[in-house]
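The values are calculated or read from the model by the stated rules, or taken from the named source; none is laboratory data. Predicted model, so just to flag it, every value in this text is computed and none were measured. A quick note on method: Cβ atoms are made from the backbone with ideal geometry, for glycine too, and the neighbour counts reach across all protein chains shown. Just the protein is used for accessible areas: all its heavy atoms, side chains included, with ligands, DNA and RNA removed. Shrake-Rupley method; radii C 1.70, N 1.55, O 1.52, S 1.80 Å.
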Amino acid sequence: MATRLKPVDAVTIGVGLTGSLAGLELTGAGLTVVGLERGAPRDTVPDFQSPSIHDELRFSIRKAMMQDNVKVAVTFRNTSDQTALPIRRWESFLPGQGLGGSFVHWNGQSFRAQVADFIYRTHHLERYGQKFLDACGPDLTIQDWGVTYDELEPCYDRFEYLIGVSGTAGNIKGKILPGGNPFEAPRSRNYPNPAQKEPYFGAIFRKGAESLGYHPYPQPSSNLSRPYTNPLGLKMEACVFCGFCERYACEHYAKGSPQTTILPILLKNPKYELRTGCEVLRINLDSTGKKATGVTYVDAAGREFEQPAELVLICAFPLNNVRTLLLSRIGKPYDPKTGEGVVGRNYSYQTTGGTIVFMDESININPFMASGASGTMIDDFSGDNFDHKDLGFIGGAYVGAIMTNGRPIEFHPTPPGTPRWGLEWKKAVARHYNHTIVITQLGTSQSCRANYLDLDPTYKDAWGRPLLRMTFDFPENDIRMSQYIADKGEAIARAMGGKTIVRVATKRPYTTTVYQSTHNAGGAVMGTDPKTSVVNRYLQCWDVPNVFSLGGAAFPQNITYNYSLTIGALTYWALEAIKNKYLKSPGPLA
């Protein structure tokens with residue numbers, strides 16, 4: 001029997017980026033808010049300090065900051081005629097757990113989406129026509145977002161200044177500026193901080209890319225280039241290029257995580273209460289099924305509680321947002337056979353690849369001196385920045401020298417033909433460790449009818465609830481795109497003077513055993529039609545208007561870029577609608 005607690009105005013399921021931001025904005029509007037986080041409390045001091053935070057075995061290999069998949073795993077299969085099995089070791093993607101969520105262990109790569117991304121289907125129909133889209137893949141289910149870039153631009157700007165993004169603007173109010181990305185969407189003002197210093201590997205990439213007529217620019221980064229005080233008065237420090245960003249927390253207050261940019265203010269607010277070690281079992285609904293009455297959760301001691309609330313915000317990792325909706329029976333589950341239903345529909349990922357460039361011994365890269373986002377890159381082949389009409393695919397990828405570390409367990413590049421172990425392997429690692437550049441390509445992921453999320457009929461979590469089941473493989477459209485972009489990366493590698501070049505492009509089948517990206521997207525997508533979306537343009541659930549689903553689950557298909565900045569912008573967008581519209585007149589906003 002659950003113990004019923006004192007009602008509050010709002011509850012957030014998860015206290016990562018979106019949950020922290022929701023708590024900050026809603027308490028600022030006068031609401032009482034409870035934040036429920038399944039993981040542990042943690043702060044820069046004492047939890048993120050060296051030398052323990054630089055334990056590569058603990059954090060990179062054993063995934064200490066990730067979701068406990070002994071208690072809650074995800075099952076996976078490539079196609080719906082296969083039997084899904086639980087993922088017991090996180091490799092392909094890394095859902096975070098603990099206060100701050102995945103925004104604690106992210107790399108800090110901070111991109112805005114492009115104008116066309118938000119009107120994706122409309123843009124491609126207008127430029128290429130329905131016949132072209134059908135040829136790319138008749139089962140593609142791409143759609144518009146229901147919100148435009150111009151509407152989100154102030155939210156992007158606000159979020160960039162909150163977390164202190166370092167970069168070089170390429171387009172301010174339509175004026176193209178030297179040194180920045182000429183393809184970026186127009187911004188209202190410059191970044192709050194200048195770009196990070198360019199590493200040597202970035203300079204070599206820049207020279208090679210420029211020789212081919214491309215437009216290199218410094219990667220925008222939430223690892224700061226200088227000391228900075230954000231609009232909340234929180235002070236951040238400059239990145240020291242320690243090489244421990246992704247999979248690690250920042251010990252120097254130099255990365256834009258909730259611990260450095262939001263939580264020190266939020267946790268002091270008397271209207272906010274953080275509860276950690278709390279696993280939310282479900283969102284509770286009234287007898288009509290059209291209104292949430294709060295949530296039921298279990299604490300670390302195994303005690304069950306009911307937390308009544310007027311407003312419920314799902315702020316978990318995207319996969320967990322979808323699972324929460326399914327377990328709570330909010331929205332109609334998607335059926336790939338009929339194409340009907342919405343919850344779990346349009347799951348997408350990221351299409352990756354790259355080129356490994358083995359340089360001459362006279363070229364010293366020093367890969368261990370890096371931040372998570374100090375690369376040099378080009379956007380010439382991102383999104384729809386190039387003509388696709390004769391290529392047979394939509395989408396694209398950025399290409400860049402984006403080396404985030406030279407850590408000894410993970411980074412030991414060797415050319416083809418090297419033995420996998422023994423003396424000759426060790427010699428090859430010693431020869432190439434300091435003389436190898438990795439070119440990354442990160443690209444779009446098109447949603448399609450066969451890729452979706454639902455509840456597994458067999459496997460359950462530690463509380464007896466069905467696990468989330470992922471059915472996913474790369475659409476042929478994305479395979480063609482990846483191969484095309486890999487050719488471009490290989491050409492840049494040759495222009496850089498590479499002695500040996502290894503070309504890597506996405507192939508089928510998708511596997512969960514090799515890291516690719518933690519940009520899982522979709523499953524609770526936004527839109528203007530309840531038949532093809534779970535939430536409206538304000539991230540409000542169509543079926544239960546006092547429930548909002550924030551985060552990457554809202555993406556109808558995935559963009560070229562690391563999606564963190566767009567998640568932040570969408571969160572501000574939704575919270576402004578809640579404060580200025582919903583609270584004044586609770587009910588559907590669209």
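Of everything listed in (1) touching a strand residue (DSSP E or B) at 6+ places or on another chain (Cβ under 9 Å); (2) open to solvent by 10 Å² or more (accessible area, probe 1.4 Å); (3) closer than 25 Å to PRO408 by Cα, the single unmet condition for VAL104 is (2).
Counting only residues that are part of a loop (DSSP other than H, G, I, E, B) and either under 23 Å from ASN477 (Cβ atoms) or touching a Phe, Trp or Tyr at 6+ places or on another chain (Cβ under 8 Å) (or both), the stretch 392-406 holds 8 of them. For first residues located in the stretch 404-424 and under 22 Å from ASN366 (Cα atoms), partners that are open to solvent by 80 Å² or more (accessible area, probe 1.4 Å) and not hydroxyl-bearing (Ser, Thr, Tyr) and lie 6+ apart or on another chain with Cβ distances below 6 Å form the pairs GLY406/PHE368.
Can you find even one residue in the stretch 547-566 that is open to solvent by less than 30 Å² (accessible area, probe 1.4 Å), farther than 30 Å from ASP286 by Cα, among the hydrophobic types (A, V, I, L, M, F, W, C) and not in a loop (DSSP other than H, G, I, E, B)? Within the stretch 547-566 (the criterion being open to solvent by less than 30 Å² (accessible area, probe 1.4 Å), farther than 30 Å from ASP286 by Cα, among the hydrophobic types (A, V, I, L, M, F, W, C) and not in a loop (DSSP other than H, G, I, E, B)), the answer is yes, since at least one residue qualifies. The residues of the stretch 82-101 that are open to solvent by less than 40 Å² (accessible area, probe 1.4 Å) and assigned to a strand (DSSP E or B), listed by number, are PRO86, GLY96.
Looking across the stretch 441-486, just one residue is of a type in the set (Phe, Trp, Tyr), assigned to a strand (DSSP E or B) and touching a Leu at 6+ places or on another chain (Cβ under 9 Å), and that is TYR459.
When ILE409, ILE437, ILE356 are screened for being in a strand (DSSP E or B), among the hydrophobic types (A, V, I, L, M, F, W, C) and out of contact with any Phe, Trp or Tyr (no Cβ under 7 Å at 6 or more places or on another chain), only ILE356 passes.
Can you name the residue in the stretch 348-364 that is under 30 Å from the mean Cα position of the chain (by Cα) and open to solvent by 10 Å² or more (accessible area, probe 1.4 Å) and is also farthest from VAL322 (Cα to Cα) among such residues? Selected residue: ILE356. For first residues located in the stretch 45-68 and over 12 Å from GLU410 (Cα atoms), partners that are assigned to a helix (DSSP H, G or I) and lie 6+ apart or on another chain with Cβ distances below 7 Å form the pairs ALA64/ARG58; MET65/PHE59. Candidates are the residues of the stretch 247-278 that are surrounded by 20 or more Cβ atoms within 10 Å (Cβ to Cβ) and of a type in the set (Lys, Arg); the one that is farthest from THR571 (Cα to Cα) is ARG247. Scanning the stretch 488-502 for residues that are among the basic types (Lys, Arg) and surrounded by fewer than 20 Cβ atoms within 10 Å (Cβ to Cβ) returns ARG494, LYS499. Listed by position, the strands (runs of 3 or more DSSP E) enclosed by the stretch 1-81 that each have at least 3 residues that are within 25 Å of the chain's Cα centre (by Cα) and within 27 Å of LEU570 (Cβ to Cβ) are 8-13, 33-37.
This table checks each residue for (1) β-branched (Val, Ile, Thr); (2) open to solvent by less than 60 Å² (accessible area, probe 1.4 Å); (3) under 30 Å from TYR538 (Cβ atoms).
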position: LEU17; (1), (2), (3): no, yes, yes
position: GLY23; (1), (2), (3): no, yes, yes
position: GLY28; (1), (2), (3): no, no, yes
position: PRO41; (1), (2), (3): no, no, no
position: THR44; (1), (2), (3): yes, yes, no
position: ASP68; (1), (2), (3): no, yes, no
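Is it the case that TRP421 is assigned to a helix (DSSP H, G or I), out of contact with any Asp or Glu (no Cβ under 8 Å at 6 or more places or on another chain) and surrounded by fewer than 17 Cβ atoms within 10 Å (Cβ to Cβ)? It is false that TRP421 is assigned to a helix (DSSP H, G or I), out of contact with any Asp or Glu (no Cβ under 8 Å at 6 or more places or on another chain) and surrounded by fewer than 17 Cβ atoms within 10 Å (Cβ to Cβ).
For the stretch 172-180, the criterion of being in contact with a Ser or Thr (Cβ under 7 Å, 6 or more places away or on another chain) and open to solvent by less than 10 Å² (accessible area, probe 1.4 Å) is met by at least one residue.
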